[in-house]
Amino acid sequence: MNSIKRAVLLFIQKHERLQRILLWKNNSFVKIVGKNNYTGSPFRYKNCHIEIKGNNNTLDISTAAMLKQCKIVINGDNNHLKIMSGSIIEDSIFLLADHNNAVSIGMNCYVIKCLFSINEETKIVIGESCLMGRADIRTSDNHSIIDQASNLRINKSSDVQIGNQVWISNGAVIMKGVKIDCGSIVGAASVVTKDVPSNVIVAGVPAKVVRENIRWIHERI
């Protein structure tokens with residue numbers, strides 16, 4: 001990034017009103033209530049809906065990344081969404097509630113019609129070159145389950161980690177606390193409740209390994 005572009009983005013970062021105007025010019029709706037909230041370059045959004053209520057929240061959309069027809073709702077403080085260069089996110093929803101949550105999507109990913117739900121100081125970390133369609137990825141059940149004997153909650157929220165070049169198929173659900181290693185595939189309509197090793201296919205409810213020692217590429221050969 002040259003010095004002029006950097007200076008312009010720094011100027012935009014310091015002026016929330018200007019951020020809103022430029023987003024509106026790019027056919028995006030934005031409502032921000034609070035202080036020190038940053039939406040990043042307004043030119044990285046197209047037809048998006050952004051609502052932020054809280055303080056010190058950031059949307060960091062890198063150069064050559066793009067969000068199209070996405071909805072981002074943040075309620076709380078110190079929440080962060082980061083999309084790395086080359087990634088395209090379409091028609092997806094990001095819901096960050098409470099404080100100190102984070103979503104990070106690596107370089108050159110393609111995500112369409114997915115739901116990301118993050119609560120209670122957790123994070124979703126997605127590696128590079130991933131492919132996801134109509135997936136539901138969440139770090140929380142959004143409600144408490146209480147053990148009657150101890151009166152303690154038994155379903156605490158937990159991070160989700162997805163490695164490089166993971167393919168998550170149509171309708172899959174990735175539950176809290178799951179780690180999916182590099183190169184694996186999650187079958188359509190599967191519910192993943194446990195960790196997935198690298199270079200396997202998992203499928204079913206709950207998802208189980210159905211094929212090992214695989215790799216996948218975008219091209220049909």
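The values are calculated or read from the model by the stated rules, or taken from the named source; none is laboratory data. Since the structure is predicted, the reported quantities are computational estimates derived from the model, not experimental observations. Here the Cβ is made from the backbone with ideal geometry for all residues, glycine too, and neighbour counts use every protein chain on show.
Only one of (1) under 30 Å from I217 (Cα atoms); (2) without any contact (Cβ under 8 Å) to a residue 40 or more places away in the chain fails for N101. Which number is that?
Among (1) under 30 Å from I217 (Cα atoms); (2) without any contact (Cβ under 8 Å) to a residue 40 or more places away in the chain, the lone unmet condition for N101 is (1).
Does K194 satisfy the condition of being surrounded by fewer than 18 Cβ atoms within 10 Å (Cβ to Cβ), of a type in the set (K, R) and part of a loop (DSSP other than H, G, I, E, B)?
So K194 fits the description; yes.
Just name the residue that is farthest from V191 (Cα to Cα) out of those in the stretch 124-166 that are part of a strand (DSSP E or B) and among the charged types (D, E, K, R).
Per the criteria, the residue is R153.
If I filter the stretch 55-90 down to residues being assigned to a strand (DSSP E or B) and of a type in the set (S, T, N, Q), which single residue comes out as nearest to V166 (Cα to Cα)?
Taking the candidates together, the pick is T58.
Mind listing whichever residues of the stretch 167-190 are surrounded by 18 or more Cβ atoms within 10 Å (Cβ to Cβ) and assigned to a strand (DSSP E or B)?
Within the stretch 167-190, W167, I168, V173, I174, I180, I185, V186 meet the criteria.
Return a yes/no flag: does the stretch 47-54 have any residue that is in a loop (DSSP other than H, G, I, E, B), modelled with pLDDT under 95 and touching a helix residue (DSSP H, G or I) at 6+ places or on another chain (Cβ under 6 Å).
No, because not a single residue in the stretch 47-54 is in a loop (DSSP other than H, G, I, E, B), modelled with pLDDT under 95 and touching a helix residue (DSSP H, G or I) at 6+ places or on another chain (Cβ under 6 Å).
Please tell me if G163 is among the small types (G, A, S), at pLDDT 95 or above, under 25 Å from A203 (Cα atoms) and touching a strand residue (DSSP E or B) at 6+ places or on another chain (Cβ under 7 Å).
Yes, satisfied.
With without any contact (Cβ under 8 Å) to a residue 60 or more places away in the chain, over 30 Å from I217 (Cβ atoms) and crowded, with 18+ Cβ neighbours inside 10 Å as the only criterion, which of I83, I74 stands out?
After ruling out the rest, the residue left standing is I74.
Do we find that L22 is crowded, with 16+ Cβ neighbours inside 10 Å, at pLDDT below 90 and either out of contact with any strand residue (DSSP E or B) (no Cβ under 8 Å at 6 or more places or on another chain) or not in a loop (DSSP other than H, G, I, E, B) (or both) in this structure?
Yes: the conditions hold for L22.
For the stretch 197-216, which residues satisfy the criterion of being part of a strand (DSSP E or B) and of a type in the set (G, A, S)?
A203
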